[in-house]
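The structure appears below as structure tokens.
The values are calculated or read from the model by the stated rules, or taken from the named source; none is laboratory data. Computed from a predicted structure; not experimentally measured. Because the Cβ atoms are built from the backbone with ideal geometry, glycine has one as well, and the counts that use them run over all protein chains shown. Just so you know, the surface numbers come from the protein's heavy atoms only, side chains and all, with ligands and any DNA or RNA stripped out. Shrake-Rupley method; radii C 1.70, N 1.55, O 1.52, S 1.80 Å.
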Amino acid sequence: TATREQRWNIEHSIKSFAVSGNDLFYSSIATPNLLFVHNGTDYNNITRNGENVQNVPTMHMVADADGTNSTLYMICGNSIQTYDPTGSDFNDYEIGKYSVSDVRLGGAAEISAYGGRMVIADAANRRIGVYNSETNGYAWRSVDYAPGTAVAGKNSLLVADNAADKIYIYEYD
């Protein structure tokens with residue numbers, strides 16, 4: 001079995017990153033967590049409406065159900081936004097404080113992805129969301145704590161209650 005090794009020489013310390021093809025998408029650890037893309041040779045700031053995209057503490061690449069296309073999901077300021085790596089453009093999709101009430105975020109603490117699922121820890125609303133790319137839908141579960149770190153897995157997800165030093169395991173079903 002052959003393994004593929006890809007190396008990127010970058011000029012910034014990394015806060016979060018995701019890979020699509022030969023491109024490395026990453027946010028810098030320095031405030032204001034600027035978003036960059038590195039193509040193996042050089043890097044560029046990602047902009048939206050002529051402004052540098054910033055305040056991106058976490059991101060994950062989520063593949064479509066058939067695995068042909070990927071979308072970069074990121075916390076960007078106080079919302080979750082999506083970016084099409086192939087078209088190099090932001091989608092109109094956004095979950096934020098002005099979204100429809102069932103998906104509105106009070107403050108996304110963390111996102112994590114595995115396969116076609118993305119887990120959202122919504123600390124301010126005390127709930128956990130799971131986006132399924134196969135059904136293009138969300139399932140929300142209310143919890144009695146402010147979920148912090150979330151980790152998506154193959155069959156289950158882990159969520160940390162940082163205030164109580166506890167970790168909860170939930171099955172997707």
Residue hits (the stretch 110-126; open to solvent by 30 Å² or more (accessible area, probe 1.4 Å) and either of a type in the set (D, E, K, R) or modelled with pLDDT under 65 (or both)) are 110, 117, 126
Select from the stretch 45-78 the residues that are over 26 Å from residue 132 (Cβ atoms) and open to solvent by 20 Å² or more (accessible area, probe 1.4 Å) and list them in ascending order.
45, 47, 48, 49, 50, 51, 52, 54, 55
Subset of the stretch 40-60, residues touching a Ser or Thr at 6+ places or on another chain (Cβ under 7 Å) and under 19 Å from residue 91 (Cβ atoms), comes to 53, 56, 58, 59, 60
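So which of 130, 119, 159 is part of a strand (DSSP E or B) and more than 14 Å from residue 80 (Cβ to Cβ)?
Going through 130, 119, 159 in turn, just one is part of a strand (DSSP E or B) and more than 14 Å from residue 80 (Cβ to Cβ): 159.
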